[in-house]
Structures are given as C-alpha cells and as structure tokens.
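One structure below.
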Amino acid sequence: MKPEDHAWTRLRERGASEISPGFADRVLRAARAEASPLLVAHFAMCAATAALCLGAVLLYHTRVSGDEEASSLAGWSEIAAQASDLEQGI
Amino acid sequence: MDESSTTTLGERVRRAQRGDDAAMRELIVSYQRRIAGFIYAITGRSDSVEDLAQMVFVKMVRALSRLKAPEQFESWLFRLARNTCIDHLRRQKLRRIFTPFAPEHENLPEPEGSVDGEELDALRHALSQIRPKDRALLALVQEGRSHAEIASTLGTSVAAVKARLHRAREQLRQHYQSNET
C-alpha cells in the first residue's frame, strides 16, 4: 500500500460526508423542476412555429386570390367592352 | 465488480430508464457518496461538493434514457461527473479573469489544517498543485476505473492514458513528499 492510499480513502470519505440527508429526493425534485419549464418552452416553440406557418399560408392565400380576382375582373371588363363594341356595330 | 452485481445494476438502470422512480432513487443513493468523494478529489472544495453532485445526478436523471448500454452505467456516470467538475473549474477560471478580486469567485483550496489531519492536507495540497484533468485522471483510477474505460472516457488510447497517469503520479508524489518533509 502506497503512503498516499490511506489519504485517498480519507479524502473520498471527507467528500462523501458533504452529502446531507434527503439528497436523492432533492435531486429528483430538481430534475422534475428543470424538466417542466423545458416542456413548456418546447410547447410554446411548437405553437409559435405553427402560428407563423398559418400566418404565412393565409398571407400567401390572400395575395394569390387577390391577384386572381383582379386578373379575372380585368378579363371580364375586356369581354364586356368587346361585347358592347359588337352590339354597337350590329 | 462481479457478474451478478453488474446484472443487478444493469437491471436497475433499465428499470430507471423505463421511468421507475424507485429505481432512479436507488441509483442516486448507491452512488451519491462515491460521486461526492470523486468531486472533492477534483475540486478540493468541500463547500461546492453537494451542489456539483446535485448537478451530476440531475444530468444523470435527464440523460439516462439515452444510455444505450446499461451495463456501462458506472463508467458513464463517472464521465458525467468528471466533465461537470472540469466545466465548473473552467467557468470559475473564466470568472476570475473578469472579476479577479471577487472573493466568491476564488477557487482557492481550503486552508490546510482546516478540515482534517496532516495526511489528508498533504494529499489535498499535492492535488491542488497539479492540473484538474490530471486530478480527475488520478481520481478515476482511485475509483477503480480500468485504463480502457478511462481511455474511452477521455477519447484517447490506453497507451496515452498510461503515459499521462505515470506523469500525474510522479507529479503528485513529488508534491506529496515535498509537503510532508
């Protein structure tokens, strides 16, 4: 046995004596407390992402349908003008 | 550790992985003293042992489900403890750079004679003179970790571990003896 081996044993015992009663329960409580805010943050992140996607889809839909409506209206106006010209010619 | 105790440990780890709170608690209780001793050997500060041990075990609880080989639990846990201590010492060193005179940020070893006898003081003094990574290496050996396990923990070869261990032991012996004389 080396001279420091006994000292190592005492060193480890000294460290071990720092653990106070109820340590395991405190660890489990702390682990649960840490997990909960993370779970909430995770769900909040998911909800924010979903809202952002929905917003983007709605914006795209509004723009595309607005453009289509304008183009249809322009088409109808042209047809109406042509029909009016034809009526006057007859 | 014999085969039957490894099997028992493996079974307990599997139960804890399946969400069995009692098994998780048993794991903490079985290792809390060894981990605390290991942390004290690396940090040299008794006032931070319990906080660091709590950090280690909280990490263990949260990461246990990802451990693929339950039989290697022990070596995995000591790796977690070693990395937590090294990170803690690194953060303290960084804090000291920015606030060098704040007493709460000082990581000075406890004054000799303040806690135990001469023999323990000599070892604590010798450990405080060598690098934290070498302290961790020596503490891992004291915990019965094999050279192969340590090599896997440190991501290096067994030969490199043996060489580093030899150097660390030499340094420790020099400081230990100089303190005793």
* **Where B meets A: accessible area buried, both sides, 1.4 Å probe, Å²** => 3100
* To the nearest 10 square angstrom, how much accessible area does A:ASP25 have with a 1.4 angstrom probe? -> 60
* Asked: Considering only protein heavy atoms, what is the solvent-accessible area of B:CYS85 at a probe of 1.4 Å, reported in Å² to the nearest 10?
  -> 0
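May I ask which of B:LYS133/B:LYS162; B:LYS93/B:LYS133; B:LYS68/B:LYS133 have a Cα-Cα span longer than 22 Å here?
On the way: B:LYS133/B:LYS162 14 Å; B:LYS93/B:LYS133 14 Å; B:LYS68/B:LYS133 26 Å.
Correct reply: B:LYS68/B:LYS133.
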* Asked: Given a 1.4 Å probe and every protein chain left where it sits, what share in percent of the accessible area of the protein assembly as shown is carbon and sulfur?
  -> 57
* Asked: Against the longest principal axis of chain A, how steep is helix A:23-89, in degrees 0 to 90 to the nearest 10, with axes from Cα atoms?
  -> 10
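So for B:LYS68, B:LYS162, B:LYS59, B:LYS93, what's the accessible-area order with a 1.4 Å probe, most first? Write down the numbers at each step before the final one.
Working: B:LYS68 190, B:LYS162 110, B:LYS59 80, B:LYS93 130 Å².
I get B:LYS68, B:LYS93, B:LYS162, B:LYS59, largest accessible area first.
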* Structure fact -> Quick calc, B:ALA63 & A:HIS6: beta-carbon distance into FRET formula, R0 51 Å, rounding 0.05, result 0.90
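May I ask you to derive the FRET efficiency for A:GLU87 and A:ALA51 from their Cβ-Cβ distance with R0 = 51 Å, giving the value to the nearest 0.05? Mind showing how you got there, number by number?
Working: r = 53 Å, r/R0 = 1.04.
For A:GLU87 and A:ALA51, the calculated efficiency is 0.45.
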* **Tensor-based shape of chain A (alpha-carbon gyration tensor, a/c under 1.5 rounded, otherwise prolate or oblate)** => prolate
* Asked: Could you work out Rg/(2.2 N^0.38 Å) for the protein assembly as shown, with Rg from alpha carbons only?
  -> 1.70
* For the stretch B:33-59 and the stretch A:12-90, compute the distance between their C-alpha centroids and round to whole Å. => 43
* Roughly how many Å² of B:LEU138 are accessible to a 1.4 Å probe, to the nearest 10? -> 10
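The values are calculated or read from the model by the stated rules, or taken from the named source; none is laboratory data. Computed from a prediction, not measured in an experiment: that's the story for all the values here. Positions of Cβ are backbone-derived with ideal geometry, glycine not excepted, and every protein chain shown enters the neighbour counts. Surface accessibility is based on the protein's heavy atoms, side chains included, excluding ligands, DNA and RNA. Shrake-Rupley method; radii C 1.70, N 1.55, O 1.52, S 1.80 Å.
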